[in-house]
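These notes are about the structure you will find just below.
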Amino acid sequence: MNYKKFNLVEDKLSVLGLGTWQFAGKGDWPNFIKNDAIKVIHQAIDASINFVDTAPIYGLGHSETVVGEALKGKRNKVFLATKCGLVWDDSNNVTNNLTKESLLKEIEDSLRRLQTDYVDLYQIHWPDPNTDINETFEALADIKKSGKIRYIGVSNYSQAMIKEGMKTAQVVSHQGLYNILEHNPTSYHNIPLQYKVRESLLGFLESNGQFFLPYSPLMQGLLAGKTIFDKGAVSNNPELQGERLSQHLKQAREVEETIGKPINEIALNWLIAQKTVGPVIAGATKQLHLSSNLKALEWKMNNDMIAKIDSIIK
Ligand SMILES: NC(=O)c1ccc[n+]([C@@H]2O[C@H](COP(=O)([O-])OP(=O)(O)OC[C@H]3O[C@@H](n4cnc5c(N)ncnc54)[C@H](OP(=O)(O)O)[C@@H]3O)[C@@H](O)[C@H]2O)c1
C-alpha cells in the first residue's frame, strides 16, 4: 500500500480508501449482502487500507452499524470518517440540520452505531441553509475539544463556506464529486453543487494545506464495467441514464483503449496521481471488486497518460 501525508493530519492515509454508502442496504443498493460487505472491510484492512468513509444517512444508520460491527477489535487499524447534518424523523423524512442541538445528538448516535468512542474525521455532509455556519463550527469545535472527534471536514461545501467555517475551527478536508469523466460537475443526482473541483477547489484546498476526498471515483460503477443503472440509488443519477450514459460509456472505452489498462485501475490511478487528493473512497461490497481495485496499486499514472486522458475528456 502507498500512503499520503497531509500537513494538518497526524496520520498517513492510504491512497485507496473504502466508501460504504453501498452498506446502506436494500433500498439504495439492492445487491447488498451484509456478510460480503463485512468481509470487504476485513479484506481492506488486510490490504493495509486505513481509511473508511461512512455516514449516518446511508441506510438511516445501517451503514454505520455494519461498519461498527466489522471494526470490532480492529478499530485502531482505520482512520474512520463519518458525517453529520442529514437527519431523519420517525417517518424517515430527511432534513438538513446543522444546529448545535442536533450535532450534539448526532455524534452520540454515530459513536453508538460505530461502537467506538471517537471518530477520526467528522464531515459536514451537505450545507444547511437555515443554520448559521458559525453556530455549526462552534458546535464542531466543542465536540472536538471533548475528544469525540479528531478532525473536522466538509463535503459539498463552497469555498466561501469553508472560509467562513475556518474562522472558528480548523477544516482538514473537503469531500466532493470528482472522477475521470466529471471534472467540474455542476450537479449530483439533480442537486446543484456549489464548487468546481478541478477549476478552483483543488488549488484552494492545497493553499490551505487541506486534502480532497473524491466521491463517486468509479462513477457509481460505470468506471468499473457496469453498464445498466436501473435499480436503487444509481437509477436517480441522470448521468447514468439515456444519451448521457451512452456518451460516458463511449469516452470510458476510448480512455481504456488509449491507456491499455482496465478502466477501474485508470480511474483510481488518475485520482491517486493528484497530490491534493487523499484516500480514493471507492465503494465496494464484493471482495472480487476490491481485489480488482487493489490491482491499480501495481502501476502508476504518468504525465503522458494524464495528457492523453485530458485530450479525450475535454
Ligand atoms: N459526500 C457525499 O455527498 C457522497 C456522495 C456519494 C458518495 N459518497 C461516498 O463516496 C463513496 C463512493 O462513491 P459512490 O458510492 O458514489 O460510488 P463509486 O465508488 O464510484 O462506485 C461504487 C460502485 O462501483 C462498484 N464497483 C466498485 N469496484 C468495482 C469493480 N472493480 N468492478 C465492478 N464494480 C465495482 C460497486 O459495486 P459493489 O458494491 O457490487 O462492489 C458499487 O456499485 C461512497 O461509498 C460514500 O462513502 C459521498
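The values are calculated or read from the model by the stated rules, or taken from the named source; none is laboratory data. Just so it is clear, the structure is predicted and the values come from calculations on it, not from any experiment. Cβ coordinates were reconstructed from backbone atoms using ideal geometry, including for glycine residues, and neighbour counts include every protein chain displayed.
Considering the stretch 20-31 alone, what residues qualify as being in a loop (DSSP other than H, G, I, E, B) and either at pLDDT below 90 or more than 7 Å from the ligand (Cβ to nearest atom) (or both)? Once the filter is applied, which keeps residues that are in a loop (DSSP other than H, G, I, E, B) and either at pLDDT below 90 or more than 7 Å from the ligand (Cβ to nearest atom) (or both), the stretch 20-31 yields Gly25, Lys26, Gly27, Asp28, Pro30, Asn31. Counting only residues that are surrounded by fewer than 20 Cβ atoms within 10 Å (Cβ to Cβ) and in contact with a helix residue (DSSP H, G or I) (Cβ under 9 Å, 6 or more places away or on another chain), the stretch 297-308 holds 6 of them.
Scanning the stretch 155-212 for residues that are touching a residue at least 40 places away in the same chain (Cβ under 8 Å) and in contact with a Gly (Cβ under 8 Å, 6 or more places away or on another chain) turns up Ser155, Val172, Ser173, Gln175, Leu201, Phe211, Phe212. The set of residues in the stretch 177-224 that are in a strand (DSSP E or B), of a type in the set (A, V, I, L, M, F, W, C) and within 11 Å of the ligand (Cβ to nearest atom) comprises Leu177, Ile191, Leu213.
Can you tell me which of Asn35, Asn7 is more than 12 Å from the ligand (Cβ to nearest atom) and in a loop (DSSP other than H, G, I, E, B)?
On the way: Asn35 fails: in a loop (DSSP other than H, G, I, E, B).
None of the others qualify; the one that does is Asn7.
Scan the stretch 37-56 and tell me whether some residue there is closer than 24 Å to Ser173 by Cα, modelled with pLDDT of 95 or more and charged (D, E, K, R). There is at least one residue in the stretch 37-56 that is closer than 24 Å to Ser173 by Cα, modelled with pLDDT of 95 or more and charged (D, E, K, R).
Checking the conditions here, which among Ile313, Ile309 is over 30 Å from Val67 (Cβ atoms) and either of a type in the set (S, T, N, Q) or modelled with pLDDT under 95 (or both)? Talk me through it step by step, then tell me what you get.
Numbers: Ile309 fails: either of a type in the set (S, T, N, Q) or modelled with pLDDT under 95 (or both).
Only one candidate passes the filter, namely Ile313.
Check whether at least one residue in the stretch 47-65 is within 14 Å of the ligand (Cβ to nearest atom), part of a helix (DSSP H, G or I) and either farther than 22 Å from Leu213 by Cβ or not hydroxyl-bearing (Ser, Thr, Tyr) (or both), and report yes or no. Yes: one or more hits. Mind checking which residues of the stretch 250-296 are within 8 Å of the ligand (Cβ to nearest atom), β-branched (Val, Ile, Thr) and either in contact with a helix residue (DSSP H, G or I) (Cβ under 8 Å, 6 or more places away or on another chain) or more than 20 Å from Gln22 (Cβ to Cβ) (or both)? Of everything in the stretch 250-296, just one residue is within 8 Å of the ligand (Cβ to nearest atom), β-branched (Val, Ile, Thr) and either in contact with a helix residue (DSSP H, G or I) (Cβ under 8 Å, 6 or more places away or on another chain) or more than 20 Å from Gln22 (Cβ to Cβ) (or both), namely Thr285. Can you find a residue in the stretch 216-237 that is in contact with a helix residue (DSSP H, G or I) (Cβ under 9 Å, 6 or more places away or on another chain), surrounded by fewer than 18 Cβ atoms within 10 Å (Cβ to Cβ) and of a type in the set (Lys, Arg)? There is at least one residue in the stretch 216-237 that is in contact with a helix residue (DSSP H, G or I) (Cβ under 9 Å, 6 or more places away or on another chain), surrounded by fewer than 18 Cβ atoms within 10 Å (Cβ to Cβ) and of a type in the set (Lys, Arg). If the condition is being in contact (Cβ under 8 Å) with a residue 12 or more places away in the chain and either more than 16 Å from Lys314 (Cα to Cα) or not in a helix (DSSP H, G or I) (or both), then the stretch 252-266 contributes Ile259, Lys261, Pro262, Ile263, Asn264, Glu265, Ile266. When we screen Ile41, Ile45, Ile57 for residues that are under 16 Å from the mean Cα position of the chain (by Cα) and under 15 Å from Asn293 (Cβ atoms), the only hit is Ile41. Might you check whether a residue that is touching a residue at least 12 places away in the same chain (Cβ under 8 Å) and among the basic types (Lys, Arg) occurs anywhere in the stretch 229-236? Yes, the stretch 229-236 has at least one match. Of all the residues in the stretch 32-78, those that are without any contact (Cβ under 8 Å) to a residue 60 or more places away in the chain, hydroxyl-bearing (Ser, Thr, Tyr) and within 17 Å of Arg112 (Cα to Cα) number 3.
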